[in-house]
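Enquirer: Could you have a look at this structure, given as structure tokens, before my questions?
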Amino acid sequence: MIDESVQSAPPCPRAIFAAQVVALLIGLLLIGLEEWPRVSSALETGQWGGLLIDFNYNSTLPAILMLLLPVAYFIRSGVAQTDSNNTRGRRTPVGVALLMMSLAIGTLSLLMSWSVAQNRVGPDDRYVFGHLPPAYHDEFSYLFQARTFLDGRVSYPSHAEYPELFTQVHVVNEGRFASRYFPATGVVIAPFEAMRFPNWGHWLCGALTAAMMFWIGVELGGLRVGLLSGLFTALSPGLALFSNLLLAHHPTLLGLSVFLYGFLRMTRTRSAGAGFLAGCGLTFAMLARPMSAAGFALPMGLVLLAGLIRPAAWVGTRKTAFKLNLAVGLPVLAGLASLLPYNFAMTGDAFTTPYSLYMNTYTPRHVYGFENVVRGSHAESKETFRKYDLWAENLTPAKAIENLQKRLHAASVWTWGLIPLFMAGTAFLVLIVERPLNRWTLIGCSIVSIYVVHVPYWFSGIMDWHYVLESSVPALLMLAYVTSVMWDSWGHSGRQGLRLWWIGLLAAPLLTMYIPAGEMWETSRMRLAVGEVAFSRIRYQRFDELLAENIENRSAIVLIKHDPADVHIDYVTNVPSLDAAILRGRSDEGKPSAKKVRELQNAFPDREIWYFDVARRSLVQLSVPVAKTE
């Protein structure tokens, strides 16, 4: 399946020329589509001056650079370069030098994560983004999972008398009280939550992923590709932003980068040890986000299995193929086996995951696959999250295509930038068509596979891309490869102007993403995205402050009536052991009756009973502890 003999050979000049032409046409087309609304408005109003200040983050700077392309084309150096660093291993340093490079790239990733966390948000920039509570229901569930693990448990029993009082989003509460999600993310968060800095685990995963991308790039294409891959990953705006969200993506990215590095080394060396490393990385990723891990690894898995049927040059004999399949497969099987007791502890059935139990019980309309609402309506959800369940849209082919378009657009924007990434993608397709049976082809197939396995999800995703976020790894490798090939080509022809032009095209998305520019783009794109996420975070923070101001350090239970118009803010978030000073309970039917209050007071004799109406932002005390009344 993989012809290693062509792996190190650079593409032929004809393929490189065709790749440049196709990429240029795609770039012009996308710029036209993005810029046309502004141009059309100027044509209608006659106010052309607005084109100079009303910038499109995706396309205006690339459009200016396209106008400069003819000038760049004719800027040439006196001497054409004849050497190439695109061949794997040529002049590549070894040992300490490579380790220091990967360490520097990892450190840069940490700095980018930290810089996003330092954004000030809210009225008068009162809050620091990284110091606020989570924004999404999923984050609270992962934090719940980490705290459960810190207590030396995988679950707690539901509350004996009032389990429904403490039901929270994405947490199973059917006899056992536990996060619905797979365990790897909680494992990553737990030690840093113990230090009260839960996001540090995700920052570390991002840094290690960037460092691994350096090694993957070196393995695939040499030192330059390695440096570019690592730097692109460390500087990726979307990865920096999501490293500050307690979601499963960064643990998954780390596992997948380890898998990919191990797999690529295995295809070159036929090493069972490298295969075992790949299997361990894939297992960890599957224990974080199973569908994303499966989509990412599917092309590699098919190649590996094909070696059993018809051994290719890279694998040698069928015996070697069996050994490598075993090396990769054993850790995966062990990881899947470990889920059986984990599932049993929380659902009572080794083959029923907390994820599926939660879905079937609370949000059946959110199920994977087409016609999800139609199928889910036959299994009515519990009243607790009925409105959240009804939020789901029915997935039809037309809706799936719409989601795919949104994901492709958003993923390119947040992975690096719409114009350069699409141009690189089309150039990459042309380059690999020339030699389809090599390891770069697997990188392209991995991107396609991730998108395909997520087509049957009705929701486009957080920021329209979180379902396919893991495609950023192969996409950034692709960008590094195309950049390296074109850099060599332009160097050989002496066209230094084109090199500078491509650097400008790569830099343009980062400028608009991180740096405001006065009247051209008053606020950076990252600042806007942080503000969007911070909207929910600030609401949770203000609720925490409201409770602290009114209840101070007293023991209490706060009954919460949520705003029925907002299914995305839910204040019922507790520690798994339900022994915090302030517990938050669900009272979405409204203010409890006097009889209900007495019953709750008897059930929680040492706690004050409070009531909070979210829509009215009204917090009132309903009773005092029994001990005080006596």
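Enquirer: With the checklist (1) part of a helix (DSSP H, G or I); (2) closer than 30 Å to SER155 by Cβ in hand, flag the one item ASP349 doesn't pass.
Expert: For ASP349, the exception is condition (1).
Enquirer: If I go through region 389-423 residue by residue, how many of them are polar (S, T, N, Q) and in a helix (DSSP H, G or I)? Break it down stepwise before answering.
Expert: Taking region 389-423 first, the residues polar (S, T, N, Q) are 394, 396, 403, 405, 412, 415.
If we keep only those that are in a helix (DSSP H, G or I) too, we end up with 403, 405, 412, 415.
Here the count works out to 4.
Enquirer: Of all residues in region 578-606, which are in contact with a Lys or Arg (Cβ under 8 Å, 6 or more places away or on another chain) and either within 15 Å of GLU164 (Cα to Cα) or in contact (Cβ under 8 Å) with a residue 60 or more places away in the chain (or both)?
Expert: Within region 578-606, LEU583, SER587, ASP588, GLU589, GLY590 meet the criteria.
Enquirer: Report, by residue number, each residue of region 367-411 that is touching a residue at least 40 places away in the same chain (Cβ under 8 Å) and surrounded by 21 or more Cβ atoms within 10 Å (Cβ to Cβ).
Expert: ASN372, PHE385, LEU395, ASN403, ARG407, ALA410, ALA411
Enquirer: What pairs can you find where one residue is in region 448-460 and under 13 Å from ALA411 (Cα atoms), the other is surrounded by fewer than 16 Cβ atoms within 10 Å (Cβ to Cβ), and their Cβ atoms are less than 6 Å apart, with a gap of 6+ or different chains?
Expert: As it stands, the answer is SER460/LYS406, since those pairs meet every condition given.
Enquirer: Of all residues being in contact with a helix residue (DSSP H, G or I) (Cβ under 7 Å, 6 or more places away or on another chain) and assigned to a helix (DSSP H, G or I) in region 1-19, which is modelled with the lowest pLDDT? Just the residue, please.
Expert: Of the residues in region 1-19, the ones in contact with a helix residue (DSSP H, G or I) (Cβ under 7 Å, 6 or more places away or on another chain) are 1-2, 4, 7, 10-12, 15-16, 18-19.
When the remaining residues are screened for being assigned to a helix (DSSP H, G or I), the result is 4, 15-16, 18-19.
Details: GLU4: 43, ALA15: 94, ILE16: 95, ALA18: 96, ALA19: 97.
Across region 1-19, the extreme among qualifying residues is GLU4.
Rundown of residues vs (1) surrounded by fewer than 18 Cβ atoms within 10 Å (Cβ to Cβ); (2) under 19 Å from HIS250 (Cα atoms); (3) touching an Asp or Glu at 6+ places or on another chain (Cβ under 8 Å); (4) among the aliphatic types (A, V, I, L, M), yes/no style:
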{"site": "TYR136", "(1), (2), (3), (4)": "no, yes, no, no"}
{"site": "ALA146", "(1), (2), (3), (4)": "no, yes, yes, yes"}
{"site": "LEU150", "(1), (2), (3), (4)": "yes, no, yes, yes"}
{"site": "HIS159", "(1), (2), (3), (4)": "no, no, no, no"}
{"site": "TYR162", "(1), (2), (3), (4)": "yes, no, no, no"}
{"site": "LEU165", "(1), (2), (3), (4)": "no, no, no, yes"}
{"site": "VAL169", "(1), (2), (3), (4)": "no, no, yes, yes"}
{"site": "VAL172", "(1), (2), (3), (4)": "no, no, no, yes"}
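Enquirer: Given the conditions (1) open to solvent by 50 Å² or more (accessible area, probe 1.4 Å); (2) modelled with pLDDT of 95 or more; (3) assigned to a loop (DSSP other than H, G, I, E, B); (4) not charged (D, E, K, R), report the number of the one that SER460 does not fulfil.
Expert: For SER460, the failing item is (1).
Enquirer: Of the residues that make up region 464-487, is at least one over 21 Å from the mean Cα position of the chain (by Cα), open to solvent by 20 Å² or more (accessible area, probe 1.4 Å) and among the polar types (S, T, N, Q)?
Expert: No.
Enquirer: Any chance you could count how many residues in region 299-322 are buried (at least 17 other Cβ atoms within 10 Å of the Cβ) and either touching a Pro at 6+ places or on another chain (Cβ under 8 Å) or within 17 Å of CYS280 (Cα to Cα) (or both)?
Expert: 4
Enquirer: Would you confirm, using the coordinates I've provided, whether PRO436 is modelled with pLDDT of 95 or more and surrounded by fewer than 18 Cβ atoms within 10 Å (Cβ to Cβ)?
Expert: Numbers: modelled with pLDDT of 95 or more: no; surrounded by fewer than 18 Cβ atoms within 10 Å (Cβ to Cβ): yes.
In short, no.
Enquirer: Have a look at SER460, SER472 and point out the one that is more than 28 Å from GLY222 (Cα to Cα) and polar (S, T, N, Q). Show your work before the answer.
Expert: On the way: SER472 fails: more than 28 Å from GLY222 (Cα to Cα).
Only one candidate passes the filter, namely SER460.
Enquirer: For region 192-213, check the following and say yes or no: at least one residue is surrounded by 21 or more Cβ atoms within 10 Å (Cβ to Cβ) and of a type in the set (Asp, Glu).
Expert: For region 192-213, residues surrounded by 21 or more Cβ atoms within 10 Å (Cβ to Cβ) and of a type in the set (Asp, Glu): present.
Enquirer: When the residues of region 86-98 are filtered to those that are in a helix (DSSP H, G or I) and exposed (fewer than 14 other Cβ atoms within 10 Å of the Cβ), which remaining residue is modelled with the highest pLDDT?
Expert: Just the residues of region 86-98 that are in a helix (DSSP H, G or I), to begin with: 96-98.
Add one more test, that the residue is exposed (fewer than 14 other Cβ atoms within 10 Å of the Cβ), and what stays is 96-97.
Details: VAL96: 88, ALA97: 91.
Filtering region 86-98 for residues that are in a helix (DSSP H, G or I) and exposed (fewer than 14 other Cβ atoms within 10 Å of the Cβ), the one modelled with the highest pLDDT comes out as ALA97.
Enquirer: Listed residues THR283, THR267, THR352; which is surrounded by 17 or more Cβ atoms within 10 Å (Cβ to Cβ), under 26 Å from the mean Cα position of the chain (by Cα) and not aromatic (Phe, Trp, Tyr)? Give the steps one after another, and end with the answer.
Expert: Numbers: THR267 fails: under 26 Å from the mean Cα position of the chain (by Cα); THR352 fails: surrounded by 17 or more Cβ atoms within 10 Å (Cβ to Cβ).
The conditions single out THR283.
Enquirer: Given (1) at pLDDT 95 or above; (2) part of a loop (DSSP other than H, G, I, E, B); (3) over 28 Å from the mean Cα position of the chain (by Cα), identify the lone condition not met by TRP501.
Expert: (2)
Enquirer: Just to be sure I understand, how many residues within region 286-298 are in a helix (DSSP H, G or I) and either open to solvent by 40 Å² or more (accessible area, probe 1.4 Å) or among the aliphatic types (A, V, I, L, M) (or both)? Write out each step before concluding.
Expert: The first filter runs over region 286-298 and keeps only residues in a helix (DSSP H, G or I), leaving 286, 290-298.
Subsequent filtering for residues that are either open to solvent by 40 Å² or more (accessible area, probe 1.4 Å) or among the aliphatic types (A, V, I, L, M) (or both) retains 286, 290-291, 293-294, 297-298.
Count: 7.
Enquirer: Additional query: Out of SER141, SER113, which single residue is modelled with pLDDT of 95 or more, open to solvent by less than 30 Å² (accessible area, probe 1.4 Å), within 14 Å of TRP200 (Cα to Cα) and within 26 Å of the chain's Cα centre (by Cα)? Walk me through how you get there before you give the answer.
Expert: On the way: SER141 fails: within 14 Å of TRP200 (Cα to Cα).
Checking each option against the conditions leaves just SER113.
The values are calculated or read from the model by the stated rules, or taken from the named source; none is laboratory data. These numbers come from a predicted model, not from an experiment. Because the Cβ atoms are built from the backbone with ideal geometry, glycine has one as well, and the counts that use them run over all protein chains shown. Heads up: the accessible areas ignore ligands, DNA and RNA and are worked out on the full protein's heavy atoms, side chains in. Shrake-Rupley method; radii C 1.70, N 1.55, O 1.52, S 1.80 Å.
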